[in-house]
Every structure is written in structure tokens, then in C-alpha cells.
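Below you'll find the structure, written out as C-alpha cells, and then a few comments.
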Amino acid sequence: MGTEPAPQPQDPRDWNILLEALQNWDRHAAPVGLYAAEEYRMTEKPQPRLVVEWNEVIAPTLRRMGCHVLRPARQHFLREGQFWVQQTSWLHVLSVVRVAKIKVRCYGNSYRVDPCVDFAARWREAELGTRLRGLRKRYPQGGYALLFLGFAKEQRPFRKELQELTGECSFARAFDTEVSRVWDDPHGRAFQTIAVIWHTRRQQD
């Protein structure tokens with residue numbers, strides 16, 4: 001009888017590792033999840049945006065992927081979603097952008113999407129194209145990545161917006177790889193979460 005081939009080890013630079021970690025943490029962080037990560041284990045007031053995501057998920061996962069991460073230098077960079085890695089790593093900088101088209105509110109003992117609120121304009125305000133051009137200009141040798149986290153009611157969240165963005169010639173030239181994942185909110189709040197990572201390798205890789 002033949003034997004099954006041994007499973008191949010996962011490439012530590014596979015961005016699906018980070019996507020899986022984000023989805024798993026979203027499930028674990030009840031009742032707020034990734035959508036309201038700043039309220040995770042909150043005592044008095046929410047954490048600054050992206051502090052929890054970075055400390056709980058992104059930084060430890062990047063370490064597991066072989067990166068030597070650096071602490072954000074200033075609060076400004078946290079607000080801007082810019083995180084640096086030592087230049088000896090295969091990644092140099094990760095830019096994180098969050099966009100929520102929805103508003104989740106508490107109704108009695110449960111949380112659900114407010115049907116009267118539409119934050120679709122936040123996509124334009126996020127200016128992912130501008131963020132991309134900034135990365136290309138600052139890091140012409142590559143080694144940068146852009147992580148987009150989106151929250152929306154539609155079953156295929158941000159489909160039109162992402163098609164328009166990635167259809168631009170400048171976007172196609174700027175990145176070597178793209179990975180994405182969509183999942184239902186694990187806390188029953190009737191919205192979808194999407195995570196997309198675009199990455200460009202360093203020229204010497």
C-alpha cells in the first residue's frame with residue numbers, strides 16, 4: 001500500500017499565516033472582536049486605534065513569520081497605521097488601514113448593525129491609493145506591505161471598491177502578491193469582515 005506524502009512545511013513568509021491569525025483572534029476576542037478591538041478587555045476607556053491589533057495579533061504573528069518587529073516610535077505612527085521591521089528582515093514596513101462602513105450598537109443584551117447608519121464615504125477618506133503611492137516613493141527597493149481590514153454588511157464586502165483600486169496600473173505595478181480572506185462576524189452581528197494584504201518583496205529577495 002502507498003503512503004500519503006508528508007505535508008510540506010508552510011513558508012514562514014506566507015501572508016495567509018497573518019490572515020488566519022486575524023480571523024482566529026476575531027473569534028477569540030468576544031464580545032467585541034476585531035471590529036471593536038480597541039475595547040478588548042477595556043477597563044476605563046478604549047485603547048488607541050490599532051494598539052490592540054498590533055500587540056495582540058500582528059506583531060506576534062510577524063515574529064512567527066521571521067520578522068524582527070520594532071515598537072511604533074510615536075503615537076502619530078499608530079494613528080497612521082505605520083509599523084516598522086528591522087531592515088535585516090524580509091519585510092521593512094507594514095501599513096494598516098481599517099475601514100468600517102457600518103456602526104454596531106447595543107440593543108438590549110445584544111449587539112447588531114444599526115440599519116440607519118451608512119459610512120460608505122469612509123472608503124474614500126481612507127485614501128488607499130495615496131497610501132500606496134507614499135509607500136512606493138519611500139521604499140523604492142520594495143519590502144513593504146499594505147494590510148486592509150474592512151467591515152461591511154454586503155456578502156462580498158468592498159468588492160467594487162477593491163476592483164477599482166487594484167485595476168489601476170500603478171497598483172498592479174506596485175505589488176507582487178495579494179492574499180485575502182472574508183468571514184462572517186463570529187459574534188453574530190450580521191456583517192462581514194474582509195482582510196487583504198498586498199506585498200512587494202525586496203529587490204534582492
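We did not get these values from a lab; they are worked out from the coordinates using the rules stated. Not measured: the values here are computed from a predicted model. Note that each Cβ is placed from the backbone with ideal geometry, even for glycine, and that neighbours are counted across all protein chains shown.
Using the Karplus curve 6.51 cos²θ - 1.76 cosθ + 1.60 with θ = phi - 60°, work out ³J(HN,Hα) for each residue of region 58-65 in order, rounded to whole Hz, and write x for Gly and Pro.
Result, ordered by residue: 5, 4, x, 6, 4, 4, 5, 8 Hz.
What relative contact order, as a whole-number percentage, does region 119-205 give when Cα pairs under 8 Å and 6 or more residues apart are counted?
38 percent
Figure the gain on full extension for residue 27 and residue 179 (residue separation times 0.36 nm, minus the Cα-Cα span) and round it to one decimal in nm. Kindly include the intermediate steps, with their values, before the conclusion.
Values: separation 152, 0.36 × 152 = 54.72 nm, distance 2.00 nm.
Result: 52.7 nm gained on full extension.
Does anything in region 143-169 have its amide N under 17 Å from the 7 Å Cα→Cβ label point of residue 105, and if so which residues?
The answer is 153.
Report the full-extension gain for the segment residue 119 to residue 47: residue separation times 0.36 nm, less the Cα-Cα distance, to one decimal in nm. Walk me through the numbers before you get to the answer.
Details: separation 72, 0.36 × 72 = 25.92 nm, distance 2.19 nm.
Length gained, residue 119 through residue 47: 23.7 nm.
Want the number for residue 80 to residue 163: 0.36 nm per residue separation, take away the alpha-carbon distance, what's left?
27.5 nm
Hey, what did region 17-70 get for relative contact order, percent, Cα under 8 Å, at least 6 apart?
Details: 44 pairs, mean separation 16.7, N = 54.
Value for region 17-70: 31 percent.
When only DSSP loop residues count, what trypsin sites (Lys or Arg not before Pro) in region 10-60 have their Cβ near at most 13 other Cβ atoms within 10 Å?
Details: sites: 13, 27, 41, 49; in loops: 13, 41, 49.
The qualifying sites are 41.
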